[in-house]
């Protein structure tokens, strides 16, 4: 059967068959829960019931269809995106290697990854408590969302970690201090207390991406073994200082030399750019509403950055909210997205305005 028309009927929950129709070239499978998960999924479970992960055992990529001895439990899909509370995929991975697993549990969970064969694990916390045991057995660990609600037992065993912070959440780098033996660290998004990273003296590879604030960034000489450093799409003021320091260190041969040496500082952006272009407050909205809300927000940021009075800020806020008022079916979560955007918007003005005043404007102007 041509790959374009592959279709599988899988008994993923007891007595319930789910249809999985991957598109040609698709190597992933996304699983969500009806009435809970937002967005589009290949499979939507009717209830948050235990999942029969063994249902995937007979699935192979086209190249592996004649290699059942090498892949006794199948090898397709290669990547999973799962929104739900079932942890059976961990036990399943002890016999069937998983190349990449992106997971968003809804409830508080405590899980043990001993003997798990998951090469790349990404976990998103929406504020629920997540406790990880033996996380060091995961080759690559990525955390996002409300990261500080994720607790890693024995963090000193972790050698590599990726942190991604959302537009309306600021990740506190103090969280990383227990990771005393960290070798590889990648930070993405809004962070604070960057200065504490100089205490992680074993770092060999450091990546900073999409960061609007590099305040307190330590000198690159803080990490004696640093052989790989990337700063990409970061704020320009501090970025230029890092760029100058890097140039001087390379000129004086004061950085470690290895086969994999790589140092780069590029795509420097103004803080105004981050305010208007890089935020994604409306990413989960329908395509049509997201485009209209984003366009109105970017325009508002440009205007509010040059205002001279509080009344002018108020006018910008009211105009932006009115553009949201005319959009259809604004839900509770979307109202929260607008509030987050308004708070960030007002920060772009040249002077401080109290949160109490911002909330008052927000409530006066909105009809959702």
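Below are the figures for this structure:
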{"quantity": "Convex hull per residue volume in Å³, alpha carbons only, for the chain", "calculated": "167 Å³"}
{"quantity": "Estimated 222 nm signal from helices in the chain, with DSSP H stretches of n ≥ 4 weighted -39500 (n - 2.57), rounded to 500", "calculated": "-7500 deg cm²/dmol"}
{"quantity": "For the chain, share of DSSP beta bridges that run antiparallel, in % to the nearest 5", "calculated": "5 percent"}
{"quantity": "Quarter of the Cα convex hull surface for the range 273-365, i.e. its orientation-mean projected area (nm²)", "calculated": "5.4 nm²"}
{"quantity": "Percent RCO, i.e. relative contact order, over the range 233-364, from Cα pairs under 8 Å lying at least 6 residues apart", "calculated": "25 percent"}
{"quantity": "Diffusion coefficient, µm² s⁻¹, Stokes-Einstein with Kirkwood Rh over alpha-carbon pairs of the range 322-365 at 4 °C and 1.567 mPa s", "calculated": "114 µm²/s"}
{"quantity": "Packing-based order for 67-79, 351-363, using average beta carbon neighbours within 10 Å, highest first", "calculated": "67-79, 351-363"}
{"quantity": "The range 162-207: radius of gyration over Cα atoms, expressed as a fraction of 2.2 N^0.38 Å", "calculated": "1.09"}
{"quantity": "Centroid-to-centroid separation of the range 210-278 and the range 281-338 [C-alpha atoms, Å]", "calculated": "33 Å"}
{"quantity": "Length-normalised contact order for the chain - Cα pairs under 8 Å, 6+ apart - percent", "calculated": "7 percent"}
{"quantity": "Mean Cα-pair separation over length for the range 149-236, i.e. relative contact order, pairs under 8 Å, 6 or more apart, %", "calculated": "25 percent"}
{"quantity": "For the range 165-241, Kirkwood radius (reciprocal of mean inverse C-alpha pair distance, Å)", "calculated": "12.5 Å"}
{"quantity": "Residue 36 paired with residue 64, simple spin-label distance in nm, labels 7 Å along Cα-to-beta-carbon", "calculated": "2.8 nm"}
{"quantity": "Whole-angstrom gap from the range 105-179 to the range 1-76, using each part's C-alpha centre", "calculated": "26 Å"}
{"quantity": "Pairwise FRET efficiency - residue 114 versus residue 140, Cβ, R0 = 30 Å, nearest 0.05", "calculated": "0.95"}
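A short reminder: the numbers here are calculations on the coordinates, not readings from a lab. Note that the structure is a prediction, hence the values are computed from the model and not measured. Glycine gets a Cβ as well: all are built from the backbone with ideal geometry, and neighbour counts include every protein chain shown.
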